[in-house]
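Every number in this text was worked out from the coordinates using simple rules, so none of it is lab data. These figures come from a predicted structure and were not determined experimentally. We place every Cβ from the backbone using ideal geometry, glycine too, and count neighbours over all the protein chains shown.
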């Protein structure tokens, strides 16, 4: 069964600043690489609709969600933190980015697909229960995971986050929820300067020193897969950040496409064993456009293997 690539034109309209690294060109570059690689003939494409308020409320404090919506600018800009800016089209983009994960879960649970990649922005894994941040307005992967748990009554899901930055928002939302195994690798010390303290048993953080290359990185994250196997998730989610790539100037790790292929295949093996191959992958970081698009295509091809 082909991978379904989920996106929305709304996600292209969020534009914080022409110089901001989290820019619409990220999705354009991914789309171009999918076409030039010939992958467009091997995947399915699906547009998403906006997340519903009730779906956002599962992951976030309703007062926080309502405040973001009420204060979304009709013109001009509004800063949510030092890195995260809203303009008039940002709310629509954020609602559709969160909705993509919900749509992906629905497709998988209804048997219409076994794997989905959500090519959406803004990203989500820095958005906490009651706070936006780090380019993220709502936590897309948390909204999707909680939809699976609450709407489909799943008992156990896993989230694998291999962005160069710690998924502090996802950890904040699930820190007391043992239905979710959260595994995160990230450069440390580095923004957001979290994740290095001892965590609970269902939180598996792997701080990675600057300059780490693929072989060393693979050794560091290998304990994830025994943990995943023992956990036996019913559905696996991936916070797929590609800013640990050697060409990405926003981080200082030295991964390449082959490392993302290896990661994806390791995750896929667990999914094939425990949850019928069901994987929802959500785009997070990745700001060197060529490296991002090449890595995404490598990731999707590995999901299809």
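What to note about this one:
- As a proxy for reagent exposure, ranking 1, 95 by other Cβ atoms within 10 Å from fewest up yields 1, 95.
- Based on C-alpha pairs under 8 angstrom that are at least 6 apart in sequence, the chain has a relative contact order of 20 percent.
- If a spin label sat at a point 7 angstrom from the Cα of residue 249 along the line to its beta carbon, the backbone N atoms of region 270-305 nearer than 14 Å would be those of 287-291.
- Sequence of 29, 295 once ranked by neighbouring C-beta atoms within 10 Å, starting from the fewest: 29, 295
- In the chain, the DSSP beta bridges split such that about 10 percent are antiparallel, to the nearest 5.
- Counting 0.36 nm for each residue step from residue 197 to residue 229 and taking away their Cα separation leaves a gain of 9.1 nm.
- The chain: most fluctuating residue of 124, 251, 38 per GNM, C-alpha cutoff 10 Å: 38
- Neighbour-count order for 103, 129, 60, fewest beta carbons within 10 angstrom listed first: 129, 103, 60
- Virtual paramagnetic centre 7 Å along Cα→Cβ of residue 53, amide N under 20 Å, in region 121-145: 129-132, 137-140, 143-144
- The gain in end-to-end length when the residue 210 to residue 304 segment is fully stretched comes to 30.7 nm, 0.36 nm per residue minus the alpha carbon separation.
- Structure-derived semi-axes √(5λ) of the Cα gyration tensor in Å - corresponding label in (i) 25, 21, 21; (ii) 32, 23, 18; (iii) 28, 22, 18: (i)
- Stretch gain in nm, segment residue 78-residue 130, where the contour uses 0.36 nm per residue and the Cα spacing is subtracted: 17.0 nm
- Average Cα contact separation per residue, region 59-193, under 8 Å, 6 or more apart, as relative contact order %: 22 percent
- If you run the Gaussian network model on the chain, springs between alpha carbon atoms under 10 Å, then out of 150, 52, 75 the most flexible one is 75.
- Separation of region 132-194 from region 1-69 is 17 Å, based on Cα centroids.
- Highest-fluctuation residue, 202, 126, 151 considered, GNM on the chain with Cα pairs under 10 Å: 151
- Modelled this way, with points 7 Å down the Cα-to-C-beta line, the labels at residue 153 and residue 19 are 5.5 nm from one another.
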